1. Go through region 76-117 and give me each residue that's under 17 Å from Gln133 (Cβ atoms), of a type in the set (A, V, I, L, M) and out of contact with any helix residue (DSSP H, G or I) (no Cβ under 9 Å at 6 or more places or on another chain).
2. Could you tell me which residue of region 92-116 is nearest to Val41 (Cα to Cα), considering only residues that are of a type in the set (A, V, I, L, M) and either open to solvent by 90 Å² or more (accessible area, probe 1.4 Å) or free of Cβ contacts under 8 Å to residues at least 24 places away in the same chain (or both)?
3. How many residues does region 120-161 contain that are aliphatic (A, V, I, L, M), crowded, with 18+ Cβ neighbours inside 10 Å and modelled with pLDDT under 95?
4. Note down all Cβ pairs under 7 Å where the first residue falls in region 120-139 and is in contact (Cβ under 8 Å) with a residue 12 or more places away in the chain and assigned to a strand (DSSP E or B), the second is among the hydroxyl-bearing types (Ser, Thr, Tyr) and open to solvent by less than 20 Å² (accessible area, probe 1.4 Å), and they're at least six residues apart or on different chains.
5. Quick one: count up the residues across region 44-89 that are β-branched (Val, Ile, Thr), farther than 16 Å from Tyr20 by Cα and open to solvent by 30 Å² or more (accessible area, probe 1.4 Å).
6. Take Arg147 and tell me if it is touching a Pro at 6+ places or on another chain (Cβ under 7 Å) and over 27 Å from Ser23 (Cα atoms).
7. Sort out which residues of region 34-60 are without any contact (Cβ under 8 Å) to a residue 40 or more places away in the chain and farther than 19 Å from Leu83 by Cβ, and write them in order of number.
Amino acid sequence: MRRIIAVAAVLLVGGCASGYDGSDLAPGASEAEVEKKMGAVAARTKGADGGNVLWFSRQPSGRVIYAARFGKDGKLTGIEQTLTRENLQRIEPGKSRGDDVRAILGPPWRIDEFPRMQREAWTYNAQGMNPAQFIIQFSNDGIVRERFQIDDPEFVRGMAM
């Protein structure tokens, strides 16, 4: 009986996860269709080409953020998972600003203020060899001063036990 319940639970979770990453959405889908498949929108922004970008964050428990990009006609042009090491490297200390970071990675999971250091830090949970965090630090003028990846402290703490 327990085996049947376990199998049913796996099938149920798998069925709910279908479309969660947008892999079954085709270019040309409407924003409404994408929202229906992907769930709640974390943020809406304008894309570089004048279309919209809908951000679907799975933070803090999940370690992905999906950007669904739409053309000016409101039709889906593509979906990408943005929390990648390559995207982190695109953020340029001394040059990039908050709008640049949001356009590359999406909305942060957490924002922390460090007044004595005159810094603000944005944290994103990401996946790497081990669960990781991307941290972007800004100075008071809104410019990125540091960007780095660390092993997720919660993961490391769990490994030590």
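The values are calculated or read from the model by the stated rules, or taken from the named source; none is laboratory data. Computed from a predicted model, the values in this text were never measured in an experiment. Using ideal geometry, Cβ is built from the backbone for each residue, glycine included, and neighbour counts are taken over all protein chains shown. We work out accessible area using only protein heavy atoms, side chains counted, and drop any ligands, DNA or RNA first. Shrake-Rupley method; radii C 1.70, N 1.55, O 1.52, S 1.80 Å.
1. Val101, Ile111
2. The first filter runs over region 92-116 and keeps only residues of a type in the set (A, V, I, L, M), leaving 101, 103-105, 111.
If we keep only those that are either open to solvent by 90 Å² or more (accessible area, probe 1.4 Å) or free of Cβ contacts under 8 Å to residues at least 24 places away in the same chain (or both) as well, we get 104, 111.
Working: Ile104: 17, Ile111: 19 Å.
Across region 92-116, the extreme among qualifying residues is Ile104.
3. Counting residues in region 120-161 that are aliphatic (A, V, I, L, M), crowded, with 18+ Cβ neighbours inside 10 Å and modelled with pLDDT under 95 gives 2.
4. Listed by first residue and then by second, the contacts come to Gln133/Thr123; Gln133/Tyr124; Phe134/Tyr124; Ile135/Thr123.
5. Going residue by residue through region 44-89, those that are β-branched (Val, Ile, Thr) are 45, 53, 64-65, 77, 79, 82, 84.
So of that shortlist, the ones also farther than 16 Å from Tyr20 by Cα come out as 45, 53, 77, 84.
In the following step, the residues that additionally are open to solvent by 30 Å² or more (accessible area, probe 1.4 Å) were identified as 45, 77, 84.
The total comes to 3.
6. Numbers: touching a Pro at 6+ places or on another chain (Cβ under 7 Å): yes; over 27 Å from Ser23 (Cα atoms): yes.
In short, yes.
7. Once the filter is applied, which keeps residues that are without any contact (Cβ under 8 Å) to a residue 40 or more places away in the chain and farther than 19 Å from Leu83 by Cβ, region 34-60 yields Glu35, Lys36, Lys37, Lys46, Asp49, Gly50, Gly51, Asn52.
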